[in-house]
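Read the figures in this text as sums done on the coordinates, not as results from a lab. Quantities reported herein were computed from a predicted structural model and do not represent experimental measurements. Please note: Cβ atoms are built from the backbone with ideal geometry, for glycine as well, and neighbour counts cover all protein chains shown.
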C-alpha cells in the first residue's frame, strides 16, 4: 500500500501541521516515559514475594548443604525443575548464576579461548569468524559477537523464523561461519516462534564448519500472553535425532519468571557438551549460588505451578500489549506507513515504520519525553540498513503512562513519515 | 638439623616397625576423613542464619528495587560496606556474583580477549605470556593461568612475602611477564602476610611490561584467628602513591564470612580501571544478584559488626588450628623431618616434610582414610619440584575427627621419612 493512500500534497501538509501542533503540546508537558528495555513491572515482581518464605533449612533434597561449597552444576531439585519444564534430561543441564546472558557470553568466550567440545581449535586461532544474526534481533547478543570481533551476517526474519533457505546456503559453503544467534520463541523483538520445519532444518542442515553452534536463547519459552500460545520443538532432541547432537546450546532463566535482579539461569546441551564445559567451568568457579537455586526450586515447585505463576504474569502484562495494539490500530492502521506484530508471548512489539524513518521517529519521541530502544539496536553494530525497525517494550510502565507514551509514539511515526513523503 | 638426629640404623628400623604397626591398626578402622579443601564447618555457616531475616522490602537505601534489572556494579550499601572494610573508595569497587575466583578468571580472560585499561593489545595477540606464582600458593589460581597457556614462574615465599628481590629483577628485564598471583594476607597455604616493605616494592617496582598486573586475592583480609592479627598495607593506595595507579586488582568475598555457596564477591582497583572494565562487563551481563547484596549489607551492617562476626568464626576454628599444632608438636618436633607454620589467620597450615616425601606422605594418609589436598597442588601444574609441601585444611572436620586425622598424618610424615632415610 502506498503511504497515506490517496492524500494529496496539500492534505498531507495540513495533516503535518495539525500533528506538529499536537506534538508541541506534548513536548510542553515535560514527560519522562521509559519504554527502552524489557523490564517486568513492580506488580510482576510482587508475584515472587514468597521466594524467601522457606529458609528454615537450606539443605537440598539430596542432603547437600546449599550454604557451603560444592555442586558446580547446580542442585538436584533445580535441575529437575528446568529439565521438566523444557523437556530435557538432568544431565543435559548446567545451572549457573543469575544471568543467561552471562552464560552465553561465557560460552562464546570459551569457544574463543579454549574451544568447546568437538572443536579442532579455539576460534581465537582462526583468521576470521562469522556469526549469523537473524534480524531484527536482540542488541545484547550482537554486542557480544561485536566485542569478539566477529563479522555478523544479517539473516531476515520471516513469519516462521529466520530465512532458513539463506541459512542453509550460507553454512554449507562457508566454514568461517561458526554459529548463529536465535530467540526461537516469541523472538525479541518480532514475537515470532520458529516453526517445526525451521527447527528441524536447523538441526539437520549440513554445515561446512564442524564447530558450528546454535545459540538457542529460549528466554521466553514459558512466557505466554494468552490462551493460544505458540509451541516450539525441542532443539536439543532434534539435533540428537539429526545426528548433530552437539550443535545447540539452549539458555534460559527465571529473570522474567521471578526476579530479574536475582533469578536463576541455566544452559542446556548434549550430555557430552555439558560434561566438557563443566571441566572448563571448574577452573572458573567453585560453584554458583545454591541457596538461590534452592529458594527458587521451593517457590516454583513444579511445571504446573510454574505455568500457573506465568499466567499471573500474563494477566498483568497482556492489557499493556492490548493498549499498544489499540492505539497503534487507531492511529496508524490503513495508512501504509507502519506495521507491527501481535505476539502470543514474550516482551516486545516490533514496529516497522517507513524505510528511513526509524531514527527520526525515535528521536522525535525522545524530544517529547518518551525513551525507546535506540533505532538500529535490533541490528548488528546498531545499524538497521533500512532504518525501519523500532522495538516497543510495554511491560514496565503503568498503563496510564503507557497510553500517553504510545499516543506520542504513534504521532511521531506519522510525523516522521509525513516529513519523508513531503521532503 | 639432620633427620632423626642421632638415631642409628637399628633404632630407625625399630621405630619404623613400631609405626608401621600403628599405621596398619589405623587402616583397619576404615576411616573416612576429609581435610582436602578450606571449607567452613557447619557451626560457622550457622553464624549467618540471620541472612534472610529482613526480606520485607527489597529496596536499596537509594530507592533502587533490588529485585529488578539495573546497577551493573552493585548496590550502594554493599559498596560502602566493602569500601570501609578494605579502606578503598566506592568508585574503586565492583561487586559481582558470589565468587571472587570467577571475577579473577573473568579478569584474566578479558586481559586475553579484549585487553584491560591501558593495554596496548590483548594478551592473546602476543607470542608468550608469563605469570609469577609465589609458591606454595593456591591451586585454583595456577589452574587459571595454566588454562590460558601461560608460562608460570615459581617465586619462593619468604617470611615477609614472596622473594621481592627476585620479582623486581624478573619484571624489570622481561616484558613477557604480565602479572603475578598473590594472597597477601594469611597466604594460602603458608599463612604469611606480606610486609609493608614488600607491598611498597610491589607497588613501586619498574616493570618492563606496561601491562603488568598484580592479582591481589585478599581472600583472608579480615579472617584473623587470634588477638594478635597481622596487618597489611592497602595495595590500591600504595600503587596510586607510587605512580602506578592501574597496576593492582584486589579481590575478596564473603564466602568465608557468610556462606561459601551463596556469598557476595567484589573486585577493587583504580577508578579508571573499574570504569574501563565496567564497560566490558556491560556486554557480559545486565547485572549480578542485587537481592543477595542487599541481604548481606543488612546482615553484616558495618565494619564493626563484621569484625565481631569474624571473631565468632575465629572462636570456632582457632581450637582446630591448636589441635593441629599440638599434635604436630607432640609427634614431629625436634626430629628434623618436618616444619610447619602457626598463622594468625586464614584457613591453612602449610607443612613441609623431607624433600621427596610429600607425595608418599599424602598417599599413605589416603590409604589410611585421610584425604589431604594432593601433594604438589600448591605449585604450578601440580608439580612441587621439592615434593615437600602439604596443605592442611583444618576448618571443616569436627575436632574429634580432626584429632585422629592429624595423628594419622603425623604418623605418615614420620613413616615416609623413615622409608626415605632407610632406603
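Here residue B:46 yields copy-to-copy label distances, from shortest upward, of 3.9 nm, the label point defined as 7 Å from Cα along Cα to C-beta.
Computed from Cα positions, the angle between helix B:290-300 and the longest principal axis of chain B comes to roughly 60 degrees. The Cα center of the range A:125-164 and the Cα center of the range A:49-117 differ in position by 27 Å. When restricted to Cα atoms, the range A:243-316 yields an Rg and a Dmax of 15.0, 43 Å, respectively.
The label-point distance for residue A:126 and residue A:158, in a model that sets each label 7 Å from Cα toward Cβ, rounds to 2.6 nm.
Beta bridges from DSSP with both residues in the protein assembly as shown: antiparallel share about 45 percent, rounded to the nearest 5.
Across peptide B:42-48, the average count of Cβ atoms from other chains found within 10 Å of a residue's Cβ is 2.
Take A:374, A:159, A:333 and order them by how many other Cβ atoms sit within 10 Å, fewest up front.
A:159, A:333, A:374
A Förster radius of 35 Å combined with the Cβ-Cβ distance from residue B:80 to residue B:241 puts the calculated FRET efficiency at roughly 0.90.
Within the range A:55-302, DSSP assigns beta bridges of which about 35% are antiparallel (rounded to the nearest 5).
What FRET efficiency comes out for residue A:226 versus residue B:315 if R0 is 56 angstrom and r is the Cβ-Cβ distance? Round to the nearest 0.05. Computed FRET efficiency for residue A:226 and residue B:315: 0.45. To the nearest ten degrees, helix A:9-28 and the longest principal axis of the Cα atoms of chain A are 60 degrees apart. Take each residue in A:254-261, count the other chain C-beta atoms within 10 Å of its C-beta, and the mean is 5. Sorted ascending by nearby beta carbons within 10 Å, beginning with the fewest, A:418, B:72 become B:72, A:418.
Once Rh for the protein assembly as shown is found with the Kirkwood sum over Cα pairs, what is the Stokes-Einstein diffusion coefficient at 10 °C and 1.306 mPa s, in µm²/s? Using the Kirkwood radius from Cα pairs, D works out to 54 µm²/s. Taking the Cβ-Cβ separation of residue B:342 and residue B:422 as r and a Förster radius of 45 Å, what is the calculated FRET efficiency to the nearest 0.05? Computed FRET efficiency for residue B:342 and residue B:422: 0.90. The distance between label points at residue A:386 and residue A:18 comes to 2.9 nm (points 7 Å beyond Cα on the Cα→Cβ vector). Note on chain A: antiparallel DSSP beta bridges, both residues inside, total approximately 45 percent of the bridges counted. Across the alpha-carbon set of the range B:51-302, the Rg to Rh ratio works out to 0.96, Rh being the Kirkwood radius.
Note on chain A: with a GNM built from Cα contacts shorter than 10 Å, the maximum mean-square fluctuation among A:80, A:367, A:127 falls on A:127.
Test of understanding: ordering B:322, B:238 by Cβ neighbours within 10 Å, fewest first, what list do you get?
In increasing order of surrounding Cβ atoms, one gets B:322, B:238.
Its Cα gyration tensor gives the range A:1-137 an equivalent ellipsoid, and the semi-axes of that ellipsoid, as √(5λ) in whole Å with the largest first, are 49, 29, 15. The other copies place their residue B:32 label points at 6.0 nm from this one, listed shortest first, where each point is 7 Å from Cα along Cα→Cβ. Put the Cα centre of the range A:331-359 next to the Cα centre of the range A:273-325 and the gap is 30 Å.
Working from Cα pairs under 8 Å separated by at least six residues, relative contact order for the range A:55-302 is 27 percent. Using the alpha-carbon positions of chain B, Rg (one decimal) and Dmax (whole number) come out as 22.8, 78 Å. Across the identical copies, the 7 Å label point of residue A:168, projected outward along Cα→Cβ, sits 7.0 nm from its counterparts, in ascending order. Over the range B:83-225, Cα pairs under 8 Å with separation of 6+ residues give a relative contact order of 21 percent. Each semi-axis of the equivalent ellipsoid for the range A:187-254 is √(5λ) with λ an eigenvalue of the Cα gyration tensor; in descending order they amount to 24, 13, 10 Å.
Relative to the longest principal axis of the Cα atoms of chain B, helix B:271-284 runs at roughly 90 degrees. Overall shape of the range A:98-212 was characterised from the C-alpha gyration tensor. The equivalent ellipsoid obtained from it has semi-axes of 22, 17, 12 Å, in decreasing order.
Neighbouring Cβ atoms from other chains, within 10 Å of the Cβ of residues in A:68-75, number 4 on average.
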